[in-house]
Amino acid sequence: MSSLVFHWFLPTNGDSRHVVGGSHGTPVTRSAGDRPPTVAYLAQIARAAEDLGFAGALTPTGAWCEDAWLTTAMVSRHTERLKFLVAFRPGFVSPTLAAQMASTFQRHSGGRLLLNVVTGGESHEQRAYGDFLDKDARYHRTGEFLGIVRELWEGRTVTARGRHLHVEEARLTRVPDPLPEVYFGGSSPIAGEIAAQHADVYLTWGEPPAAVAEKIAWIRGLAARQGREIRFGIRLHVITRDTAEQAWAEADRLLDGFDADTVAAVQAGLARSESEGQRRMRALHGGSRDRLEIHPNLWAGIGLVRGGAGTALVGSHTEVAARIEEYAALGIEEFVLSGHPHLEEAYWFGEGVLPRLEERGVWRRP
């Protein structure tokens, strides 16, 4: 087995010892102000992730957080090796400009850009940015966008007229080297089709292993029909401690910080989501605080107050390492992780779990 790859997360919506809500059209919670997302603080997290052995760091996109391109460009100057998985929405920028931005980022960062393409599952949020396409049309546009970008990265002069995008004699003066890998997620049928055509890495949120295995088989089959192979990654939070009792006590502490009004407001907001992945996340907890351990060491509590990824691996370092190996056995090669607060949790995972995975021969320090 090749080495598993671990990425951390830059909380550009703010950080706290409590869960900071937000994403999928819901506002950030008050705890976002505990540790504002300054470049200095985010650089501290990035340097810790780099020192601990994480390969990269995901930075989110949306009205609820700072801009990912600008923030990572600034934070990259404070790191040497760490890559930046920049989330962006293809409907908000032209494909030629995005291809140029990626090329510039690669040159100035020493080839440390990865791209997380987010089509957007919330029409009301998209409209705030001037995008009035419906969900399926947004995915079709994403396919056209990535087709143009990849041709530009190959050094071609591109003229394309699609249903949504039109460029004439587009060309880059300098192409990115290396080419940024494209990460892509989505659980709807149209999302699967676009991922099969264009993604290098398909990302799923942290569902139980049986559901993840189904997703992998689905995307792998679609990609095979395109003559392509895709790698797979998973997005999870982590709460890992020296003992299981300590880890679950921390989960309980976080849960105690979720007041009923906040949970109700967040769930009402998420109910508007057009995202199939978000629907699946909500189904894992049903808005209830009961029975949140939905698989051994897989806790759905985060999703009560946060959109997007809503599950966490909770347990001792040995237990969390075992769950990671369980997902790896299904075909998951990359893990995009986070924790609250992100600085301290990076150390808990990096000093507690990664050495155990290294001992078992499934992870090598970059």
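Summary table below
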{"item": "First in the range 340-359 and of a type in the set (Phe, Trp, Tyr), second anywhere and open to solvent by 10 Å² or more (accessible area, probe 1.4 Å) and outside any helix (DSSP H, G or I), Cβ under 7 Å, 6 or more apart", "result": "Trp348/Arg241"}
{"item": "Within the range 267-302, considering residues that are touching a residue at least 12 places away in the same chain (Cβ under 8 Å), closer than 21 Å to Glu250 by Cβ and out of contact with any strand residue (DSSP E or B) (no Cβ under 9 Å at 6 or more places or on another chain), the one surrounded by the fewest Cβ atoms within 10 Å (Cβ to Cβ)", "result": "Arg289"}
{"item": "Matching residues, the range 157-212, being among the acidic types (Asp, Glu), open to solvent by 40 Å² or more (accessible area, probe 1.4 Å) and either in a helix (DSSP H, G or I) or within 30 Å of Leu292 (Cα to Cα) (or both)", "result": "Glu193"}
{"item": "Residue that is surrounded by the most Cβ atoms within 10 Å (Cβ to Cβ) [pool: residues in the range 83-113 that are without any contact (Cβ under 8 Å) to a residue 40 or more places away in the chain and among the β-branched types (Val, Ile, Thr)]", "result": "Val86"}
{"item": "Enumeration of residues in the range 35-50 that are in contact (Cβ under 8 Å) with a residue 24 or more places away in the chain and not hydrophobic (A, V, I, L, M, F, W, C)", "result": "Arg35, Pro37, Tyr41, Gln44, Arg47, Glu50"}
{"item": "Given (1) out of contact with any Lys or Arg (no Cβ under 9 Å at 6 or more places or on another chain); (2) over 30 Å from Leu133 (Cβ atoms); (3) touching a residue at least 40 places away in the same chain (Cβ under 8 Å), index of the condition Pro60 fails", "result": "(2)"}
{"item": "Only listed residue being at pLDDT 95 or above, hydrophobic (A, V, I, L, M, F, W, C) and under 19 Å from the mean Cα position of the chain (by Cα), chosen from Ala249, Ala196, Ala224, Ala217", "result": "Ala196"}
{"item": "Any hit, the range 194-210, residues being farther than 24 Å from Ser338 by Cα and of a type outside the set (A, V, I, L, M, F, W, C)", "result": "yes"}
{"item": "Enumeration of residues in the range 276-303 that are outside any strand (DSSP E or B), more than 23 Å from Ala346 (Cβ to Cβ) and of a type in the set (A, V, I, L, M, F, W, C)", "result": "Met281, Ala283, Leu284, Leu292"}
{"item": "Inter-residue pairs, beta-carbon under 6 Å, first aromatic (Phe, Trp, Tyr) and in the range 125-153, second part of a loop (DSSP other than H, G, I, E, B) and open to solvent by 40 Å² or more (accessible area, probe 1.4 Å), 6+ apart", "result": "Trp153/Val175; Trp153/Leu179"}
{"item": "Test: residue in the range 314-330 that is more than 18 Å from Ala213 (Cβ to Cβ), part of a loop (DSSP other than H, G, I, E, B) and open to solvent by less than 40 Å² (accessible area, probe 1.4 Å)", "result": "no"}
{"item": "Output for the range 342-366, where each listed residue is surrounded by fewer than 20 Cβ atoms within 10 Å (Cβ to Cβ) and not in a helix (DSSP H, G or I)", "result": "Arg360, Gly361, Val362, Arg364, Arg365, Pro366"}
{"item": "Checking Val238 against (1) within 25 Å of Val5 (Cβ to Cβ); (2) β-branched (Val, Ile, Thr); (3) in a helix (DSSP H, G or I); (4) open to solvent by less than 50 Å² (accessible area, probe 1.4 Å), the condition it does not meet", "result": "(3)"}
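Quick grid of which residues meet (1) assigned to a helix (DSSP H, G or I); (2) crowded, with 20+ Cβ neighbours inside 10 Å; (3) in contact with a strand residue (DSSP E or B) (Cβ under 8 Å, 6 or more places away or on another chain):
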site: Ile45; (1), (2), (3): yes, yes, yes
site: Gly62; (1), (2), (3): no, yes, yes
site: Arg141; (1), (2), (3): yes, yes, no
site: Leu152; (1), (2), (3): yes, yes, yes
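The values are calculated or read from the model by the stated rules, or taken from the named source; none is laboratory data. Keep in mind it's a predicted model, so treat the numbers as computed, not measured. Quick reminder, even Gly has a Cβ in these numbers, built from the backbone with ideal geometry, and neighbours come from all protein chains shown. To get the accessible areas, we keep the full protein, side chains included, count just its heavy atoms, and leave off ligands, DNA and RNA. Shrake-Rupley method; radii C 1.70, N 1.55, O 1.52, S 1.80 Å.
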